[in-house]
Structures are given as C-alpha cells and as structure tokens.
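Comments concern the structure below.
The values are calculated or read from the model by the stated rules, or taken from the named source; none is laboratory data. Since the model is a prediction, treat every value here as computed from it, not as a measurement. FYI the Cβ positions are ideal-geometry reconstructions off the backbone, even for glycines, and counts take in every protein chain you see. Heads up: the accessible areas ignore ligands, DNA and RNA and are worked out on the full protein's heavy atoms, side chains in. Shrake-Rupley method; radii C 1.70, N 1.55, O 1.52, S 1.80 Å.
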Amino acid sequence: MGKRISILLASMLVGMTAHAADVPGIDIPKATQAQIKALGCEACHGWERTKFGPSWQNVADRYRGQKIYVYKGFNINSPGEKLPLKPGLVKKISKGGKGEWNEYIPMAPIDIKGARAKEITDIVDFIMTIPPKK
C-alpha cells in the first residue's frame, strides 16, 4: 500500500511541476482562466509550451503587430478569407481549421454556432497582450 501512495504522490508532483513550468510570467485574469477551462482550450494549448496546438506565447508572437488574418478552414490549399486579425482568430477558434501550425493536426471547431463568441474574443484579447518571449 505504501508503495502505491509513493507512486501516486510522485505522479502528482511531476504533474504540478510540469504545469508550474508552463505558467506565463504575467497575471492571467480569473475570468480568462475560467473561460479557457470551460472551452477546454488547455487540453491542446499550453501557455509557453506546445502541446497538440501552438502555445499561447507562440500565437501571441506570430500575430503581434499583424492586422489581417487569412482563414482557410480545413482547405489549406484555398486562398482563404481575409479578415481583420481579431475576428479572423475568433473564427479560426470557433470553426476550426488546419495547416497553419501543423498540417496533420487540425484545430477542432469548438463553437460552430457562435454561441461562445464573447468568451473566445476575450481569450484572443488576452493572448494578444502576452509580451514577447525573452
């Protein structure tokens, strides 16, 4: 029994250490944390490390200073739809797509009907405030 508890505690410690290493050096508003958790974003995206999808840090760095986003959905060979940056990122998160970060792992749609557009917009707004990686 003692050996099982030791393994369980060691596993928990490793999990907490991995999570602690992926926390950005900025304050994350509680509302944003709740929205990210409610939408399940952290299953595929880490703050500073890539999981299945890019890290929030990588997203912020890639789009910092850009004004336009080209949404291609799941057809990576299409010319896409040019949108202002924020609405474009919200559309990508809502409707999903592939080919931008990894052609093999698509971004699953999480809000096809647009019912969570406010929450997704809040998350995009926060991500775009993440300072450049030092």
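Computed quantities for the displayed model
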| item | result |
| --- | --- |
| Any hit, the range 87-102, residues being in a helix (DSSP H, G or I) and over 15 Å from the mean Cα position of the chain (by Cα) | yes |
| Total residues in the range 67-76, condition under 13 Å from GLU100 (Cβ atoms) and in a loop (DSSP other than H, G, I, E, B) | 5 |
| Only listed residue being touching a residue at least 12 places away in the same chain (Cβ under 8 Å), small (Gly, Ala, Ser) and farther than 20 Å from GLY40 by Cα, chosen from GLY114, GLY99 | GLY99 |
| Answer from LYS91, LYS95 - the residue that is over 22 Å from GLN57 (Cβ atoms) and charged (D, E, K, R) | LYS95 |
| Residue, most open to solvent (accessible area, probe 1.4 Å), within the range 92-107, restricted to residues that are at pLDDT below 90 and not acidic (Asp, Glu) | TYR104 |
| Answer residue from the range 43-63, given it is in contact with a helix residue (DSSP H, G or I) (Cβ under 7 Å, 6 or more places away or on another chain) and modelled with pLDDT of 90 or more and is farthest from PRO131 (Cα to Cα) among those | HIS45 |
| Residue match in the range 123-131 (condition: over 14 Å from the mean Cα position of the chain (by Cα), farther than 20 Å from PHE52 by Cβ and aliphatic (A, V, I, L, M)) | no |
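This table checks each residue for (1) more than 18 Å from PRO106 (Cα to Cα); (2) β-branched (Val, Ile, Thr); (3) surrounded by 12 or more Cβ atoms within 10 Å (Cβ to Cβ); (4) in contact with a Ser or Thr (Cβ under 9 Å, 6 or more places away or on another chain).
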{"site": "TRP56", "(1), (2), (3), (4)": "no, no, yes, no"}
{"site": "ALA60", "(1), (2), (3), (4)": "yes, no, yes, yes"}
{"site": "TYR63", "(1), (2), (3), (4)": "yes, no, yes, no"}
{"site": "LYS67", "(1), (2), (3), (4)": "yes, no, no, no"}
{"site": "VAL70", "(1), (2), (3), (4)": "no, yes, yes, no"}
{"site": "GLY73", "(1), (2), (3), (4)": "no, no, yes, no"}
{"site": "LEU83", "(1), (2), (3), (4)": "yes, no, yes, no"}
{"site": "LYS86", "(1), (2), (3), (4)": "yes, no, yes, yes"}
{"site": "VAL90", "(1), (2), (3), (4)": "no, yes, yes, yes"}
